[in-house]
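Heads up: the structure comes next, in C-alpha cells.
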Amino acid sequence: MSLSAIRDAFRFAAETGQVDGARLPLLGVLVETLGAPELPLSGGRSAQEGAAATLTGATQWRNTNWSLTITGQSPGGRDQLRMVLKLAPQAQAWTLGQAFPDLPLSRMPDESEDAGGGLTLTTSVLEALVVDLPAVLSEAADQGGAGPARLQGWLLIDQGFWRPMPPIWAARGCGSTGR
C-alpha cells in the first residue's frame, strides 16, 4: 500500500463517521485488536504531515467515551498503524469493572463462623479498581499483523480490598501496562 492509501482511508473514516477496514483492511485489523469490528467516530479529522497521516476524533468503546488518534506511515511501502485511545473527561472514575463486566469471580476468605476458614466466590477484586489516566494502545503492520491492545494508566489502590496495600508500596497508585 502507500501513504496516500492510508490518508484516503482516514479521510473516508472521517466522512462516514466509522473506523473499519472498508477502505484499508489493515485499519480493520487495528480496530479488531479492541475486540470490535468497527468504532464509531465523531468529529473526525484526517490530515497528512510529512511522511505520516493522522485520523483524530472521538469514539465510544466499552461503554466509555474516548479521544482517538490513529497515525499511519508507509516506510518502504509497508503500512504501519498506531492507535491511541485516551479517556475523555467524565464525572465518575473509570473502573476495570465498567469496561470489563465479565471479570472472573475472586476467591476471598469466608469470615462467617461456620465457614471454618474456607474461601468463598465473590465479585472480582479487580472490578472496583480505578484506573487514572487510562489509555489504550494498539499497533498493526503489513506482514506483521497486530498484537493485542494494551491498557495503561495508574491503578489507584487506596480503596476496598486494596486499601491495606499502599503502605507496602509507599504510594497511592502504581503504573500499569497490560494486555
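The values are calculated or read from the model by the stated rules, or taken from the named source; none is laboratory data. In this text the structure is predicted, and so the values were computed from the model without any measurement. As a convention, Cβ positions derive from the backbone with ideal geometry for all residues, glycine included, and neighbour counts pool all protein chains shown.
The condition of being modelled with pLDDT under 80, surrounded by fewer than 16 Cβ atoms within 10 Å (Cβ to Cβ), over 14 Å from the mean Cα position of the chain (by Cα) and under 21 Å from Met108 (Cα atoms) holds for only one of Gly160, Gly144, that being Gly160. The number of residues in region 1-15 being surrounded by fewer than 21 Cβ atoms within 10 Å (Cβ to Cβ), in a helix (DSSP H, G or I) and touching a residue at least 12 places away in the same chain (Cβ under 8 Å) comes to 7. Of the residues that sit in region 36-47 and are within 20 Å of Asp142 (Cα to Cα) and touching a strand residue (DSSP E or B) at 6+ places or on another chain (Cβ under 9 Å), which one is modelled with the lowest pLDDT? The residue in question is Ala36.
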